[in-house]
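Peer 1: Quick one: structure below, then a few questions.
The values are calculated or read from the model by the stated rules, or taken from the named source; none is laboratory data. This one's a predicted model, so the numbers in the text were calculated from it and none came from an experiment. Using ideal geometry, Cβ is built from the backbone for each residue, glycine included, and neighbour counts are taken over all protein chains shown.
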Amino acid sequence: MAPPPAAFERRVLRNAAGHHYLRVRLELPDGGARPSAAQLKQLVVAALRELHGEVGAALPVDVLTYEEKTLSAILRVVSSGFVKLWSALTLLGFYQNRRCAFRVLQVGRMASPNVSSCCVIAWLGEHVAS
Amino acid sequence: MVRFKNRYVLCEVVAEEPRGRHCIEDRAVATAVRDAIARAYGDYGLACCSMSFTVKYLNAYTGTVLLRCRKDFHRLLCSALPLVRQLESRGLRCPCFLSTLHVGGTIRSCQKFLIQHNRRQLLTLLQNCTNEEERQRIRQSVLSCSLTEGQSQSGDEEEEDDTETD
């Protein structure tokens, strides 16, 4: 009558989708309204849609951190879409009819530990990466 | 040694209304496919597929279309074909869809497949005939196909376009 003991199972995915991380900064030379975190994500998705179509816009991109004062953010993307994201960011020229440019400062495969405190990441994560 | 390799995609245009046949033109099909690729894959996909993209052959009676693209990007083209929903030409708009029949490396391989496919289609149409008169007409048109000096298509057999049975 007792349930059978739970078997221990270990799954290893060899080609599991890793993530690539990019530290970017948005340059808006004119002093206008700065985009919020949600607007930044919309801008990134719009850039992907313009260059790579619906397939590119459907890439799972997350904005892990975002500082509105310096307009710098850390983006996370699936490794298979890394080239698409970087090329889309490079070729983005306008935000709300204002000239802008994305400067990619750092790329990597593991998020650096000295990004921010964990609670800030968690809060921004659930606010933006929905 | 190094040459540009192409892929030829053989598709069939299926339209629900019989008067949609007039819309099937090479320019209309090319624009419709280009728009579908641009929507699905953006500027990059459009540029990739447009490198060697043409409509090589079109048959408005049977709705057969032969498209050509570069070998490296034929998967882009094949995956964007189901997204074509309508053909527009001369102000006429007819809803239709493209179904892929065969992907080959040369026009000759596509032609061989098309001949076999048309033969099978004729047999199916003959079986699905409801009255004897249609059967007689099909038999007559098949028997009257012959190689003459004026005809350029040696292998393609034309189907009756009024025997559209499901």
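Peer 1: Tell me, please, whether a residue that is out of contact with any helix residue (DSSP H, G or I) (no Cβ under 8 Å at 6 or more places or on another chain) and either assigned by TED's automatic domain parsing to the domain that holds residue B:118 or closer than 26 Å to residue B:121 by Cβ (or both) can be found in region B:37-54.
Peer 2: Start the filter on region B:37-54 by keeping residues that are out of contact with any helix residue (DSSP H, G or I) (no Cβ under 8 Å at 6 or more places or on another chain), which leaves B:47, B:52.
Subsequent filtering for residues that are either assigned by TED's automatic domain parsing to the domain that holds residue B:118 or closer than 26 Å to residue B:121 by Cβ (or both) retains none.
No: zero hits.
Peer 1: Being more than 14 Å from chain B (Cβ to nearest Cβ) and acidic (Asp, Glu) is the filter; apply it to region A:30-84 and report the residue that is nearest to residue B:76 (Cα to Cα).
Peer 2: A:62
Peer 1: Say we look at region B:32-67 and pick out the residues that are more than 17 Å from residue B:115 (Cα to Cα) and of a type in the set (S, T, N, Q); which of these is nearest to the chain's Cα centre (by Cα)?
Peer 2: Here the residue is B:54.
Peer 1: Turning to a different aspect of this structure: Of the residues in region B:39-71, how many are of a type in the set (Phe, Trp, Tyr) and within 14 Å of chain A (Cβ to nearest Cβ)?
Peer 2: Within region B:39-71, the first condition is being of a type in the set (Phe, Trp, Tyr), and the residues that meet it are B:41, B:44, B:53, B:57, B:61.
Now drop any that are not within 14 Å of chain A (Cβ to nearest Cβ), which leaves B:41, B:44.
Residues that pass the stated criteria total 2.
Peer 1: OK, next. Return the residues of region B:9-27 that are touching a Ser or Thr at 6+ places or on another chain (Cβ under 9 Å) and surrounded by fewer than 22 Cβ atoms within 10 Å (Cβ to Cβ); say none if nothing qualifies. Steps first, answer last, please.
Peer 2: At the first step, the residues of region B:9-27 found to be touching a Ser or Thr at 6+ places or on another chain (Cβ under 9 Å) are B:9-14, B:22-27.
B:12, B:14, B:22, B:25, B:26, B:27, listed by residue number.
Peer 1: What number goes with the only condition from (1) farther than 20 Å from residue B:104 by Cβ; (2) small (Gly, Ala, Ser); (3) surrounded by 16 or more Cβ atoms within 10 Å (Cβ to Cβ) that residue B:80 does not pass?
Peer 2: (1)
Peer 1: Output the number of residues of region A:77-87 satisfying the condition of being without any contact (Cβ under 8 Å) to a residue 60 or more places away in the chain and crowded, with 18+ Cβ neighbours inside 10 Å. Can you show your working first?
Peer 2: Quick first cut of region A:77-87, residues without any contact (Cβ under 8 Å) to a residue 60 or more places away in the chain only: A:77, A:81, A:83-84, A:87.
Those left that are additionally crowded, with 18+ Cβ neighbours inside 10 Å: A:77, A:81, A:84.
Residues that pass the stated criteria total 3.
Peer 1: Being surrounded by 15 or more Cβ atoms within 10 Å (Cβ to Cβ) and of a type outside the set (Val, Ile, Thr) is the filter here, so list the residues in region A:55-66 that pass it.
Peer 2: Just the residues of region A:55-66 that are surrounded by 15 or more Cβ atoms within 10 Å (Cβ to Cβ), to begin with: A:55-57, A:59, A:61-66.
Result: A:56, A:57, A:59, A:62, A:64, A:66.
Peer 1: Condition test on residue B:89, is it in contact (Cβ under 8 Å) with a residue 40 or more places away in the chain and over 17 Å from residue B:6 (Cβ atoms)? Spell out the reasoning first.
Peer 2: Numbers: in contact (Cβ under 8 Å) with a residue 40 or more places away in the chain: yes; over 17 Å from residue B:6 (Cβ atoms): yes.
Criteria met by residue B:89.
Peer 1: Do the conditions hold for residue A:23, that is, is it within 23 Å of residue B:43 (Cα to Cα), more than 14 Å from every other protein chain (Cβ to nearest Cβ) and not aliphatic (A, V, I, L, M)?
Peer 2: Working: within 23 Å of residue B:43 (Cα to Cα): no; more than 14 Å from every other protein chain (Cβ to nearest Cβ): yes; not aliphatic (A, V, I, L, M): yes.
Against the criterion (within 23 Å of residue B:43 (Cα to Cα), more than 14 Å from every other protein chain (Cβ to nearest Cβ) and not aliphatic (A, V, I, L, M)), residue A:23 does not qualify.
Peer 1: When you go through (1) polar (S, T, N, Q); (2) assigned to a helix (DSSP H, G or I); (3) buried (at least 18 other Cβ atoms within 10 Å of the Cβ) one by one for residue B:62, which number turns out not to apply?
Peer 2: Only one criterion is unmet by residue B:62, namely (2).
Peer 1: Just to be sure I understand, how many residues within region B:89-118 are assigned to a strand (DSSP E or B) and either surrounded by 15 or more Cβ atoms within 10 Å (Cβ to Cβ) or hydroxyl-bearing (Ser, Thr, Tyr) (or both)?
Peer 2: Counting residues in region B:89-118 that are assigned to a strand (DSSP E or B) and either surrounded by 15 or more Cβ atoms within 10 Å (Cβ to Cβ) or hydroxyl-bearing (Ser, Thr, Tyr) (or both) gives 11.
Peer 1: Can you tell me which of B:78, B:110, B:96 is within 24 Å of residue A:57 (Cβ to Cβ) and touching a strand residue (DSSP E or B) at 6+ places or on another chain (Cβ under 7 Å)?
Peer 2: Exactly one of B:78, B:110, B:96 is within 24 Å of residue A:57 (Cβ to Cβ) and touching a strand residue (DSSP E or B) at 6+ places or on another chain (Cβ under 7 Å), namely B:78.
Peer 1: Quick one: residue B:76 ticks every box in (1) within 14 Å of chain A (Cβ to nearest Cβ); (2) assigned to a loop (DSSP other than H, G, I, E, B) except a single one, so which number is it?
Peer 2: Against the list (1) within 14 Å of chain A (Cβ to nearest Cβ); (2) assigned to a loop (DSSP other than H, G, I, E, B), residue B:76 comes up short only on (2).
Peer 1: Still on this structure, please answer the following. Please indicate, with yes or no, whether at least one residue in region A:47-69 is more than 13 Å from the chain's Cα centre (by Cα), on the phi > 0 side of the Ramachandran plot and among the aliphatic types (A, V, I, L, M).
Peer 2: no
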